[in-house]
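Right, one structure below, let's go through it.
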Amino acid sequence: MRAIWLAGKDRTADLLPRLDRAVVGRDPALAAQVEKQAPIAALRNASTEAEELDRWLALLRAHGAVRTDRFDVPGRPGVAGDLMRGVKRALWGVLRYQHERVAVQQNAVNSQILSALEAVCEEQRREGAALRGRIDALEARLPPEARP
Amino acid sequence: MTIRVDQLLAGFAENDAISQDALLLQAVFRDLGFESDLFVSQSHTDPAAAHRVRPMTAYAGRAGDLAVLHDVLDPEAVRAFQETPARRVLRYHNITPAGYFDAFDPALAARLRAARTALRSVAERSRSVWSVSAFNAGELAAWNLPQSRVLPLLFSEARFRLDLDPEMLARISRPLANILFVGRLAPNKRVEELILAFHGYHRAVNPQSRLIITGSDRSCPRYAAMLRLLAHALDLPNVCFEGFASPAGLATLYAKASVFVTASEHEGYCLPLIEAMAAGVPVIARRTGGMPEALDGAGIQYEGLSSAQLGELMGLAIHDPAVRAEALQSQAGRMAAIRARKPADEVRALLADL
């Protein structure tokens, strides 16, 4: 049930339609951006820690890169704000060769760290499986009444 | 010999709601003529606040004394509580349902399940249980405890009467609309809902805005990592993770907040709602758990809204003068009621019941 209370009074009837109208009037690209990132918020729905870790690593692969080409330049409202925004955008373009170089270096570092992390996880899994196998074999040697 | 009323806590830190409640109770006990100290395991004490507490190993309750245990999360505190010859009172602040942590921290989830199990036996062996909200007391109702009482979380504005933190002021000096959340970064708080809602507000309503998320990220680091990843993926540099703020830092954030928002699904009471109201900041909260009690009809409460709708609701609370004024007026009334509380009388009545 969707409901809104303001100062203790149920104001769903007048406030909810206002919210709905505003949401409908938004640029559809915004909803698409949120939809695209749904797998991140959905990490909380993983049923086990191992599943969460797998999904997390996959997401890091997808989001580990720094991008400086599509950079949103915010601006203050008004003519002065628009002017400053234009100047900042132009400067960003002029400095492209500098910030892209930094981004490439950062992405190389991110990628190396992620690869190392994945390797450590894989190693731990192999080690865990091997130990589990050895424990199972040892337990199999015990008389049935002594097995855990 | 003076009767002692000592409190045993699972942890202690400045700005922590349970720690603040214990400090205020301690002041009340002392005003009532008792000797009173706080006991906490040293490993669970914030070094900056260590001067306020004594180590759990030093606790030695006597018959005739009173021991107040705040929650059952620390086995050492529970053991000391159960072994003491003093009369026992459990102060129940709630235990977050373990299921929230299964994906992020199974060990913590297991501790929370164990705490739920321990809660019943500890409650049954206590002379009385003082819950911080009727919501919490309701959780225990099925056990038919003879002495289940409600003593709402204590609150003092004194610690917010501080000079604003110049460092924090400098960090948030740009005149943006500040949407504030205060609380541990834990999955039950649904902070991702706030980030998604802020995305809509920031992009569609007011680009001159920031979301300030303040609170410890140590209780569930993988959840905190998820939140940072989400903010990064949505390209929201104006989502500011401030971590655990100092008292002056927190006072600064409240002073500069345009609105306080929480999407938390499970709260025993939610002290930050009261703190925000005391600072004159309009609050938006999900109508669940102990939060409706904390607000008692004040502010803005919601149920079942999408993150996009929540973003627009933030916009109403900040930009619609009528909505804002109505919310603030109701909050002023609620704060007047809270300021009129007489904790000493409330505690005296509870002690008379024992």
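Quick notes on this structure:
- Test: residue in segment B:182-196 that is over 27 Å from B:GLY289 (Cβ atoms), within 9 Å of chain A (Cβ to nearest Cβ) and in a helix (DSSP H, G or I): no
- Residues of segment B:233-269 that turn out to be among the hydrophobic types (A, V, I, L, M, F, W, C), open to solvent by 20 Å² or more (accessible area, probe 1.4 Å) and in contact with an Asp or Glu (Cβ under 9 Å, 6 or more places away or on another chain), as a count: 3
- Residues in segment B:136-171 that are surrounded by fewer than 18 Cβ atoms within 10 Å (Cβ to Cβ) and within 29 Å of B:GLY311 (Cβ to Cβ) were compared, and the one that is farthest from the chain's Cα centre (by Cα) is B:ALA170.
- For segment B:200-209, the criterion of a residue being open to solvent by 60 Å² or more (accessible area, probe 1.4 Å), at pLDDT below 95 and within 14 Å of chain A (Cβ to nearest Cβ) is satisfied by at least one position.
- Of everything in segment B:41-69 that is under 21 Å from the mean Cα position of the chain (by Cα) and closer than 17 Å to B:GLN82 by Cβ, the residue that is surrounded by the fewest Cβ atoms within 10 Å (Cβ to Cβ) is B:SER41.
- Filter result for B:ASP235 (farther than 15 Å from A:GLN37 by Cα and part of a loop (DSSP other than H, G, I, E, B)): no
- B:LEU176 more than 9 Å from chain A (Cβ to nearest Cβ), surrounded by fewer than 23 Cβ atoms within 10 Å (Cβ to Cβ) and in contact (Cβ under 8 Å) with a residue 40 or more places away in the chain: yes
- Filtering segment A:32-45 to residues that are in a helix (DSSP H, G or I) and either in contact with a helix residue (DSSP H, G or I) (Cβ under 7 Å, 6 or more places away or on another chain) or of a type in the set (S, T, N, Q) (or both) leaves A:GLN33, A:VAL34, A:PRO39, A:ILE40, A:ALA41, A:LEU43, A:ARG44, A:ASN45.
- Test: residue in segment B:85-97 that is within 14 Å of chain A (Cβ to nearest Cβ) and surrounded by fewer than 22 Cβ atoms within 10 Å (Cβ to Cβ): yes
- Any chance A:LEU57 is open to solvent by less than 50 Å² (accessible area, probe 1.4 Å) and either at the interface with chain B (Cβ under 9 Å from one of its Cβ atoms) or aromatic (Phe, Trp, Tyr) (or both): no
- Flag if B:ALA285 is of a type in the set (Gly, Ala, Ser), crowded, with 24+ Cβ neighbours inside 10 Å and closer than 22 Å to B:SER173 by Cβ: no
- Picking from residues in segment B:98-125 that are open to solvent by 10 Å² or more (accessible area, probe 1.4 Å) and without any contact (Cβ under 8 Å) to a residue 12 or more places away in the chain, the one that is farthest from the other protein chains (Cβ to nearest Cβ) is B:SER121.
- A:GLN106 satisfies every condition listed in (1) open to solvent by 70 Å² or more (accessible area, probe 1.4 Å); (2) within 20 Å of the chain's Cα centre (by Cα); (3) within 7 Å of chain B (Cβ to nearest Cβ); (4) modelled with pLDDT of 90 or more except (3).
- In segment A:32-50, the residues that are surrounded by 13 or more Cβ atoms within 10 Å (Cβ to Cβ), more than 7 Å from chain B (Cβ to nearest Cβ) and either modelled with pLDDT under 90 or more than 14 Å from the chain's Cα centre (by Cα) (or both): A:ALA50
- Elements of type helices (runs of 4 or more DSSP H) in segment B:238-351, at least 2 residues being under 30 Å from A:GLN33 (Cα atoms) and within 14 Å of another protein chain (Cβ to nearest Cβ): B:307-319, B:321-339
- Summed over segment B:70-84, the residues that are open to solvent by 30 Å² or more (accessible area, probe 1.4 Å) and either of a type in the set (A, V, I, L, M) or under 22 Å from the mean Cα position of the chain (by Cα) (or both) give a count of 2.
- Residues in segment B:20-36 that are free of Cβ contacts under 8 Å to residues at least 60 places away in the same chain, among the polar types (S, T, N, Q) and not in a loop (DSSP other than H, G, I, E, B): B:GLN26 only.
- Only one of A:ARG76, A:ARG67 that is in contact with a helix residue (DSSP H, G or I) (Cβ under 9 Å, 6 or more places away or on another chain), in a loop (DSSP other than H, G, I, E, B) and facing another protein chain (nearest Cβ under 8 Å): A:ARG76
- Residue check for B:TYR223: farther than 27 Å from B:ALA13 by Cα and either modelled with pLDDT of 95 or more or surrounded by 24 or more Cβ atoms within 10 Å (Cβ to Cβ) (or both): no
- Within segment A:6-22, the residues that satisfy the criterion of being more than 18 Å from B:GLY311 (Cβ to Cβ) and at the interface with chain B (Cβ under 9 Å from one of its Cβ atoms) are A:ALA7, A:GLY8, A:LYS9.
- Condition met for A:GLU139 (surrounded by 11 or more Cβ atoms within 10 Å (Cβ to Cβ), part of a helix (DSSP H, G or I) and touching a helix residue (DSSP H, G or I) at 6+ places or on another chain (Cβ under 8 Å)): no
The values are calculated or read from the model by the stated rules, or taken from the named source; none is laboratory data. None of these values were measured; they are calculated from a predicted model. Cβ sites come from the backbone with ideal geometry, for glycine too, and all protein chains shown count toward neighbours. The area values use the complete protein model at the heavy-atom level, side chains included, leaving out ligands, DNA and RNA. Shrake-Rupley method; radii C 1.70, N 1.55, O 1.52, S 1.80 Å.
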